[in-house]
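The values are calculated or read from the model by the stated rules, or taken from the named source; none is laboratory data. On a predicted model such as this, the values are computed, not experimentally measured, just so you know. Because the Cβ atoms are built from the backbone with ideal geometry, glycine has one as well, and the counts that use them run over all protein chains shown.
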Amino acid sequence: MAYSEKVIDHYENPRNVGSMDKDEGNIGTGMVGAPACGDVMRLQIKVTEDGIIEDAKFKTYGCGSAIASSSLLTEWVKGKTLDEAGEIKNTAIAEELELPPVKIHCSVLAEDAIKAAIDDYKSKK
Amino acid sequence: MKTPIYFDYSATTPVDKRVADKMCECLTTEGNFGNPASSSHEFGWKAEDAVNQARKDIADLINANPKEIVFTSGATESNNLAIKGIAHFYKKKGKHIVTCKTEHKAVLDTCRQLEREGYEVTYLDPKDNGLIDLEAFKAALRDDTILVSIMHVNNEIGVIQDIKAIGDITRERKIMFHVDAAQSAGKVPIDMDELKVDLMSFSAHKNYGPKGIGALYVSRKPRVRIEAQTHGGGHERGMRSGTLATHQIVGMGECFRLAKEEMATDNERIRMLRDRLLKGLDGIEETYINGDMEQRVPHNLNISFNFVEGESLIMALKELAVSSGSACTSASLEPSYVLRALGRNDELAHSSIRFSLGRFTTEEEIDFAIEKINANIGKLRELSPLWEMFKDGIDLNSIEWTAH
């Protein structure tokens, strides 16, 4: 399968790889997917007191498109409010990365991951 | 050294230069272009001679009679012809067929078609090393079983089934036995005098010959009858009509002749390279070899790198032409059905890579691959949340995953 240049760029130079302490009150963690399905995404956000995402980290087990989707998402959410980040749609990710139809589920997973991270953060408040 | 490096010899092989040269002699006006069935002139006789020589070279590799070789378009057609041909011819005797879950799709899908026609098929589970449990096999046979179809060497994991033992059982029960030998001819010695096999499928392109040509061995003693699936001019003693493709057949004959001459030395060299590769990956934690390591062709190494997803690893190893699962299924997102049949969990099945080596693999290429794999497994595991959890001592099975 041929990947778009953007997928290859994110795959070869993934942005914001890493972990943050999930027990901290200002950190929201979203982990979605399942090993049996071939992809697991973990997205973490660090939120300021006024509800702005100041940092984001990810780790992903999955194909190149899954890695690229989560890498791109961490770039996009930084500096956004929780509401703005929660409005990011998978279609925007798929479009930006020019994902083929069989890889659309990777962008869906990324959308689920940010939603889960926001929910986790809110549940701590 | 040119990249990408070819490590996918089980998908197909390049045509050996010596084979290509012979094929080229059978195409143009200056060459042997006649129709082997033209019995009225010299062009036909010459083409027939070339076909006969190829038939003999193929028969010689497996110690069979040239009259037992039926040319087809490849192993897929051979499998179809053997399985449907037997099932249709012997349907009055019974309608039960036994095969294995790890067979090639050309066998499995043919069996599915026969199920739609009213036949009953038992799909055996292999043991976790990929080999067939002979006791379970015996237990699956019934009075109305007419055919057993088991592959010699598995295309994904390279394990060698005990065709001798299975043949002894089927012959005693007077059940027809078909063997898909697409991946074994030229790699494993085959002696039809010793094996009680009724039909065997062969392919040229897995053996440094051209694509588009294969053969089906149909035993004469005891005599095996099959119903033709392609009708026309009655070629190949009525079993497979269609003008014989002289250049393809000559190519197949030559590559089988070379296989007979060079198999022993090729195998020894390839085994040395495979062991070198294996040793070079020794330092990587959490790797699992799929399939038995003893009953296995040296050409194949199928490894699961736990916590790394196969497709992303293939992307990382872009300088190495390898495959995850088989080439026929890697377009789908499903994990390999062969590894699933071995009882491997989905994670490990998703994490598998098949390296297949061949006649033109070099030590330099192996060393390059070792370096690339070691570097990239580390990089991908740094990216993997599963690896981090494993390192933190978290049992991944204890987590409630959100399946999607």
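In table form, for the structure just shown:
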{"read-out": "Criterion: at the interface with chain A (Cβ under 9 Å from one of its Cβ atoms) and surrounded by fewer than 18 Cβ atoms within 10 Å (Cβ to Cβ) - qualifying residue of B:Asp346, B:Asp392, B:Asp367", "value": "B:Asp346"}
{"read-out": "Odd one out for A:Lys57, checked against (1) within 13 Å of chain B (Cβ to nearest Cβ); (2) crowded, with 18+ Cβ neighbours inside 10 Å; (3) over 12 Å from the mean Cα position of the chain (by Cα); (4) basic (Lys, Arg)", "value": "(3)"}
{"read-out": "In region B:19-71, the residues that are without any contact (Cβ under 8 Å) to a residue 24 or more places away in the chain, closer than 30 Å to B:Pro222 by Cα and of a type in the set (Asp, Glu)", "value": "B:Glu48, B:Asp49"}
{"read-out": "Residue in region A:37-44 that is without any contact (Cβ under 8 Å) to a residue 60 or more places away in the chain, within 8 Å of another protein chain (Cβ to nearest Cβ) and under 13 Å from the mean Cα position of the chain (by Cα) present", "value": "yes"}
{"read-out": "Number of the condition not met by A:Pro14 [criteria: (1) in a helix (DSSP H, G or I); (2) within 10 Å of chain B (Cβ to nearest Cβ)]", "value": "(1)"}
{"read-out": "Residue identified as touching a His at 6+ places or on another chain (Cβ under 7 Å) and either facing chain A (nearest Cβ under 9 Å) or among the small types (Gly, Ala, Ser) (or both) among B:Ser323, B:Ser356, B:Ser312", "value": "B:Ser356"}
{"read-out": "Region B:210-261: number of residues that are aromatic (Phe, Trp, Tyr) and part of a helix (DSSP H, G or I)", "value": "1"}
{"read-out": "Residues being in a loop (DSSP other than H, G, I, E, B), more than 22 Å from A:Gly51 (Cβ to Cβ) and either touching a residue at least 60 places away in the same chain (Cβ under 8 Å) or facing chain B (nearest Cβ under 7 Å) (or both) - total across region A:17-29", "value": "1"}
{"read-out": "Neighbours by Cβ (under 8 Å, 6+ apart or cross-chain): first from region B:109-129, over 19 Å from B:Lys93 (Cβ atoms); second assigned to a helix (DSSP H, G or I) and aromatic (Phe, Trp, Tyr)", "value": "B:Leu124/B:Phe137"}
{"read-out": "Qualifying residue in region A:30-47 (condition: among the basic types (Lys, Arg) and in a helix (DSSP H, G or I))", "value": "no"}
{"read-out": "Flag if A:Lys46 is buried (at least 18 other Cβ atoms within 10 Å of the Cβ), under 17 Å from A:Ala116 (Cβ atoms) and charged (D, E, K, R)", "value": "yes"}
{"read-out": "Test: B:Val51 is touching a Pro at 6+ places or on another chain (Cβ under 6 Å) and either on the phi < 0 side of the Ramachandran plot or modelled with pLDDT of 95 or more (or both)", "value": "yes"}
{"read-out": "Residue in region B:348-366 that is over 20 Å from A:Tyr61 (Cβ atoms) and touching a Gly at 6+ places or on another chain (Cβ under 6 Å) present", "value": "no"}
{"read-out": "Complete set of residues in region B:22-44 that are farther than 12 Å from B:Thr246 by Cα and surrounded by 14 or more Cβ atoms within 10 Å (Cβ to Cβ)", "value": "B:Ser38"}
{"read-out": "Single residue of B:Val250, B:Val218, B:Val197 found to be without any contact (Cβ under 8 Å) to a residue 60 or more places away in the chain, surrounded by 22 or more Cβ atoms within 10 Å (Cβ to Cβ) and among the hydrophobic types (A, V, I, L, M, F, W, C)", "value": "B:Val197"}
{"read-out": "Residue within region B:295-306 that is in a helix (DSSP H, G or I), more than 14 Å from chain A (Cβ to nearest Cβ) and within 30 Å of A:Val40 (Cα to Cα) present", "value": "no"}
{"read-out": "Residues located in region A:67-104, provided they are within 13 Å of chain B (Cβ to nearest Cβ), out of contact with any Ser or Thr (no Cβ under 9 Å at 6 or more places or on another chain) and in contact (Cβ under 8 Å) with a residue 24 or more places away in the chain", "value": "A:Thr74"}
